[in-house]
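Report on the structure given below.
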Amino acid sequence: MNHQGEVGRNIPGLTRGFARLRTGAKLFLILSAALLPLAIIALVAARQTSQVADSELRSNLRLAATESARALSIELGGDMTALRVALNALDEDPSDAASCARAQGVFAGQLSRGARFTIIDRDGSVICGVSIPAANLVPLTKKSPAIVARLVPDADLALGIAAASGRLRAVATFPTAALAEIARPSGFTPAFAATLVQGSQRLELDAMPSLGTFDRTETIGIPVSIGGLLFEMTVRAAPISSPMVIAMLLPLLMWAAAASIGWFVVDRLLIGPLRDLRARVARYRPGEEIDLAEARSVPAQEIRELGETFQAISRTVKQHEAGLAEGLVRQTKLTREVHHRVKNNLQVISSLINFHARGARSPDATAAYAAIQRRVDALAVVHRNHFAEQEESRGLGLRSVIGELAANIRATAPDQAALSITLDVDSFLATQDVAIAISFLITEIIELAMTCQPDAHVRLSLKPATEPTKAVLRISSVALIGGDCLTTELSQRYGRVIDGLSRQLRSTLHHDPLAGAYEIAVAVVGLD
């Protein structure tokens with residue numbers, strides 16, 4: 001009773017100890033305990049299947065292949081030796097019929113099986129033996145090895161030798177049936193396939209009976225000491241039996257068990273809690289604090305710690321967002337105050353200039369005040385549009401800036417000047433610096449046109465350039481055609497200002513004096 005009580009008290013302790021383990025350690029212990037019996041069964045089945053039968057079969061196959069390769073070497077080597085003796089004798093005395101007869105006697109057994117031999121001279125004339133088709137001849141040179149072999153696919157084996165003088169050569173052909181009979185091992189009962197191999201060429205001597213779906217084969221190659229040939233022999237291995245099927249299926253069963261157990265454990269300990277934590281984090285909104293009241297019961301310690309980290313981060317973000325919101329309110333108020341002060345200051349300056357213009361004593365002074373007022377208005381137009389767009393930070397809309405600027409210039413033009421401005425402007429966006437430079441450049445060029453011709457008609461366009469980040473600003477008027485007035489005003493008043501503005505735009509200002517047009521490529525940030 002005491003022993004049972006002590007074990008009972010240890011079980012909760014073991015449970016608490018396992019619960020304190022990392023999730024990776026839990027997964028490792030569970031998978032190890034579940035897969036150990038399957039691994040032992042697979043090991044026993046694989047060892048029983050792969051040892052005795054395959055080892056004995058490979059040993060017998062090597063013995064049989066070695067015997068067949070040796071038989072081919074002896075038989076073919078003997079025939080080619082006799083053929084060499086006759087070749088050397090006929091090389092010395094082409095009329096030596098006795099040597100040819102001896103060679104025919106040696107080949108008598110092979111001739112009955114379909115073998116053929118011939119000794120020919122350089123012209124292809126047969127000295128001894130029978131004529132052999134040109135496709136079966138072996139190309140030989142004086143530098144060729146002792147015996148040169150050639151496999152004729154689906155036909156014969158051709159062996160050739162050359163006389164030392166190079167005047168004569170001998171070729172013998174052996175059909176596959178004769179070679180198969182020579183290479184057939186004695187006392188070897190299993191069905192087999194035999195093939196002669198030379199490089200990528202293969203000559204099948206015996207074909208393997210058709211194989212079933214579950215049949216296996218063993219192959220071994222033994223060199224034949226003639227012409228670099230290789231004798232290859234293939235036999236059926238032990239068929240796939242029940243133990244082998246078990247050995248093959250057990251890894252799949254082990255994989256299925258491992259996947260199922262692994263999925264259950266990981267889903268229970270990791271995926272499910274992580275999915276719940278992800279949903280809680282996805283529902284998080286700025287200014288809130290993540291609630292992990294239910295997540296505290298998650299069995300994975302790491303996920304609980306991760307949830308607590310998210311909660312701490314959300315609490316910190318909430319505090320920071322409150323501070324940022326307060327600072328943004330103060331900054332917005334300050335920005336609006338600065339904007340209103342700048343706008344009011346520009347209006348005061350414009351009003352002062354207008355007041356002094358009305359009290360001017362000469363038309364020249366009035367015109368000078370009007371020109372200054374138009375430049376102040378150009379700056380005010382850009383400032384108003386910049387403040388309207390600053391919350392989106394997309395850039396200033398050049399279409400609205402140029403439209404308002406043209407309206408102000410027409411409104412402040414002298415009464416006697418019948419100035420007209422035509423606009424053809426696409427909706428481009430630009431930075432504040434570029435917009436200011438464009439506004440001043442337009443003002444200066446229109447001022448130049450009014451100076452030379454008060455009733456000038458000005459056409460102003462802004463169209464896409466070949467580069468996607470550029471747009472072409474074009475100002476054209478009859479008043480801008482080259483002449484004495486234009487040359488004088490450019491040299492005395494407007495030239496340096498216009499050149500400075502084009503440098504500020506980081507582009508070249510082109511003037512066509514014949515067409516009366518100024519053109520410059522300006523940087524844009526996109527379309528409005």
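For segment 203-211, the criterion of being in contact (Cβ under 8 Å) with a residue 40 or more places away in the chain, open to solvent by 20 Å² or more (accessible area, probe 1.4 Å), outside any strand (DSSP E or B) and among the hydroxyl-bearing types (Ser, Thr, Tyr) is satisfied by no residue at all. Checking 15, 49 one by one, the residue that is out of contact with any Lys or Arg (no Cβ under 6 Å at 6 or more places or on another chain), part of a helix (DSSP H, G or I), modelled with pLDDT under 75 and open to solvent by 40 Å² or more (accessible area, probe 1.4 Å) is 15 and no other.
Scanning segment 88-117 for residues that are within 15 Å of residue 175 (Cα to Cα) and either in contact with a Leu (Cβ under 7 Å, 6 or more places away or on another chain) or in contact (Cβ under 8 Å) with a residue 24 or more places away in the chain (or both) returns 107, 110, 113, 114, 115, 116, 117. Residue 479 falls short of the stated requirement of being of a type in the set (Gly, Ala, Ser) and in contact with a strand residue (DSSP E or B) (Cβ under 6 Å, 6 or more places away or on another chain). Just one of the listed residues (428, 440) is touching a residue at least 12 places away in the same chain (Cβ under 8 Å), open to solvent by 40 Å² or more (accessible area, probe 1.4 Å) and aromatic (Phe, Trp, Tyr), and it is 440.
Results for (1) among the hydrophobic types (A, V, I, L, M, F, W, C); (2) at pLDDT below 85; (3) out of contact with any Ser or Thr (no Cβ under 8 Å at 6 or more places or on another chain), shown as yes or no for each residue.
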{"residue": "164", "(1), (2), (3)": "yes, yes, yes"}
{"residue": "173", "(1), (2), (3)": "no, no, yes"}
{"residue": "185", "(1), (2), (3)": "no, no, no"}
{"residue": "188", "(1), (2), (3)": "yes, yes, yes"}
{"residue": "193", "(1), (2), (3)": "yes, no, no"}
{"residue": "197", "(1), (2), (3)": "yes, no, yes"}
{"residue": "204", "(1), (2), (3)": "no, no, no"}
{"residue": "209", "(1), (2), (3)": "no, yes, yes"}
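For residue 96, the test of being surrounded by fewer than 11 Cβ atoms within 10 Å (Cβ to Cβ) and either at negative phi or modelled with pLDDT of 80 or more (or both) is failed. The set of residues in segment 491-528 being on the phi > 0 side of the Ramachandran plot and of a type in the set (Gly, Ala, Ser) consists of 516, 526. Scanning segment 463-496 for residues that are touching a helix residue (DSSP H, G or I) at 6+ places or on another chain (Cβ under 6 Å) and not small (Gly, Ala, Ser) yields 475, 480, 485, 486, 489, 494.
Of the strands (runs of 3 or more DSSP E) lying entirely inside segment 455-528, those carrying at least 1 residues that are in contact with a His (Cβ under 6 Å, 6 or more places away or on another chain) and aromatic (Phe, Trp, Tyr) are 517-523.
For segment 354-366, does any single residue satisfy the condition of being at pLDDT 65 or above, within 26 Å of residue 499 (Cβ to Cβ) and not acidic (Asp, Glu)? The answer is no; no qualifying residue exists. Looking only at segment 305-317, residues that are touching a residue at least 24 places away in the same chain (Cβ under 8 Å) and either surrounded by 14 or more Cβ atoms within 10 Å (Cβ to Cβ) or not in a helix (DSSP H, G or I) (or both) come to 5 in all. Within segment 449-494, being of a type in the set (Val, Ile, Thr), over 13 Å from residue 423 (Cβ atoms) and under 58 Å from the mean Cα position of the chain (by Cα) holds for 466, 469, 472.
Within the set 348, 342, the sole residue that is at pLDDT 65 or above and assigned to a helix (DSSP H, G or I) turns out to be 342.
Here residue 281 fits the description: among the hydrophobic types (A, V, I, L, M, F, W, C) and either modelled with pLDDT of 70 or more or open to solvent by 60 Å² or more (accessible area, probe 1.4 Å) (or both).
The values are calculated or read from the model by the stated rules, or taken from the named source; none is laboratory data. All of these numbers come straight from a predicted model, not from anything done at the bench. Every residue, glycine as well, gets a Cβ built from its backbone with ideal geometry; the counts of neighbours run over all protein chains shown. Protein only, heavy atoms only, side chains kept; ligands, DNA and RNA dropped before computing areas. Shrake-Rupley method; radii C 1.70, N 1.55, O 1.52, S 1.80 Å.
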